[in-house]
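Peer 1: Provided herewith is a single structure, encoded as structure tokens, for subsequent inquiry.
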Amino acid sequence: MIELQAIELRLVSLPLRRPFRTSFGEEAAKEAILVRVETATGIGWGECAASPHPRYSEEFNAAAWLVLRDHMAPSLLAAGGVEPEAVGGALGWIRGHRMAKAALEMAVLDADLRSAGRSLAGFLGADRDRVPCGVSVGIAPSIDALVGQVAGFVEAGYRRVKLKIEPGWDVLPVTAVRRAFPDTPLSVDANGAYRLTDLSLFEALDALDLVYVEQPLGHEDLLEHAALARRLATPVCLDESIRSAADARAAIELGACQVVNVKAGRVGGLLEARRVHDVAVEHGVPVWCGGMLETGVGRAANVALAALPGFTLPGDTSASDRYFEEDLTEPFVLDDDGCLAVPTGPGLGVEPRPDRLEACTVRIERLES
Ligand code: NPQ
Ligand code: MG
């Protein structure tokens, strides 16, 4: 039982090394809410996966800040003591806001495991001490620029390269990368930018030996993905459409996906993410850990999650230097085998460096019990 004494919300902003463009927009900085809980036995950190704009999903930072400050934190502080496993239930009266919930659950879990001297990976059921990593590559100014960026990531040792696509930026750039890197595992991510009427385009991509196509159709769709999957040789992977373990079961049993991108924030927390993993393992469906350009705080949680047995494909668990000149925590560095080491310390096993927090914090609010 964790005795919650205070909850601090902190908005941080880190410039990206290069703007990151997708079918839903371009980001030049990573802006995230960190949740810090103070308990009788220590502190815990959590990171919210939302962005400044409701473009990837309906959640965005200003709204997450309000629901955390005015609903979630008061609810947990009023409960006094809480078990990490009970956070989801205690906040169950709040519909949606999964990324905000996940950040609070992560902080309580971190505090609990720190005081117990247990690692998050151990708690979740990890079966390895390092995880193979992929990289997500945004829409580039030109095909040559894209091929150049991919060359750098292949050189760095990344195990899978994911290319962002959108109408007008799809078959030609992906074909150019496939030609330049015939043996590199390649995937594409549309972030829901296409329709079933674009079938011929996906049939053209079918010839490029991709490991999967990610979220080709509507961000809340299952049935059209099932229809598309029946027409393609390339597996379909779902991201935005999977918001819970129940969604994962429905998608798999409908044939809407053959691979699942697991993100703790998108499904309301690490514990629900583990349940998504368990459903996929039950159905023999491979999963991988997705990313939201997290700082080292959220990245530590992703790497721990990616160490579970069913995470059999490289995740978007990239090194800190994929996105940041300087991370908030000690950097996550890719080893020469294209892997990241799973933190072994108590809790998340990392914490933000005070000097970096000082430099990156743009807003703080503190709530006491
Ligand atoms: C995805 N992530 O898999 C998301 C999309 C995404 C690594 O591609 C700031 C915060 C910018 C979150 C850009 C990756 C983002 C972001 C893209 C998420 O669909
Ligand atoms: Mg995606």
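The values are calculated or read from the model by the stated rules, or taken from the named source; none is laboratory data. Please read these numbers as outputs of a predicted model, since none were measured by experiment. Cβ placement follows ideal geometry from the backbone for every residue including glycine, while neighbour counts extend to all protein chains displayed.
Peer 1: Just checking, how many residues over region 222-262 are in a strand (DSSP E or B) and either more than 16 Å from ligand 1 (Cβ to nearest atom) or touching an Asp or Glu at 6+ places or on another chain (Cβ under 7 Å) (or both)?
Peer 2: 2
Peer 1: Let me ask something else. Output the helices (runs of 4 or more DSSP H) that fall wholly within region 6-116 and possess 1 or more residues being over 21 Å from residue 365 (Cα atoms), or say none. Walk me through it before giving the result.
Peer 2: Numbers: elements: 61-67, 73-79, 87-90, 98-116.
It comes to 87-90, 98-116.
Peer 1: So for region 328-348 (the condition being buried (at least 24 other Cβ atoms within 10 Å of the Cβ) and on the phi > 0 side of the Ramachandran plot), does at least one residue qualify?
Peer 2: yes
Peer 1: Is region 244-254 home to any residue that is more than 18 Å from the chain's Cα centre (by Cα), surrounded by 24 or more Cβ atoms within 10 Å (Cβ to Cβ) and either farther than 16 Å from residue 187 by Cβ or not hydroxyl-bearing (Ser, Thr, Tyr) (or both)?
Peer 2: yes
Peer 1: Do you know which residues across region 270-286 are basic (Lys, Arg) and in contact (Cβ under 8 Å) with a residue 60 or more places away in the chain?
Peer 2: Within region 270-286, just 274 meets the criteria.
Peer 1: Suppose we filter 152, 117 for residues that are surrounded by fewer than 18 Cβ atoms within 10 Å (Cβ to Cβ) and at positive phi; which single one remains?
Peer 2: After ruling out the rest, the residue left standing is 117.
Peer 1: Would you please list the contacts, defined by Cβ atoms under 6 Å and residues six or more apart or on different chains, that run from a residue in region 185-209 that is closer than 12 Å to residue 171 by Cβ to a residue that is within 16 Å of ligand 2 (Cβ to nearest atom) and assigned to a strand (DSSP E or B)?
Peer 2: 188/163; 188/213
Peer 1: Within region 145-170, work out how many residues are within 18 Å of residue 21 (Cβ to Cβ), more than 16 Å from ligand 2 (Cβ to nearest atom) and either modelled with pLDDT under 95 or hydrophobic (A, V, I, L, M, F, W, C) (or both).
Peer 2: Total satisfying the criteria: 5.
Peer 1: Any residue at all in region 172-187 that is basic (Lys, Arg), part of a loop (DSSP other than H, G, I, E, B) and more than 16 Å from ligand 2 (Cβ to nearest atom)?
Peer 2: no
Peer 1: Only one of (1) outside any loop (DSSP other than H, G, I, E, B); (2) touching a Ser or Thr at 6+ places or on another chain (Cβ under 8 Å); (3) within 12 Å of ligand 1 (Cβ to nearest atom) is not met by residue 265, so which one is it?
Peer 2: So the condition that residue 265 fails would be (2).
Peer 1: Looking at 315, 338, 269, which is the one that is within 16 Å of ligand 2 (Cβ to nearest atom), of a type in the set (Gly, Ala, Ser) and at pLDDT 95 or above?
Peer 2: Answer to the selection: 315.
Peer 1: Among the residues of region 136-144, is there at least one that is surrounded by 23 or more Cβ atoms within 10 Å (Cβ to Cβ), outside any strand (DSSP E or B), more than 17 Å from the chain's Cα centre (by Cα) and at pLDDT 95 or above?
Peer 2: Among the residues of region 136-144, not one is surrounded by 23 or more Cβ atoms within 10 Å (Cβ to Cβ), outside any strand (DSSP E or B), more than 17 Å from the chain's Cα centre (by Cα) and at pLDDT 95 or above, which makes the answer no.
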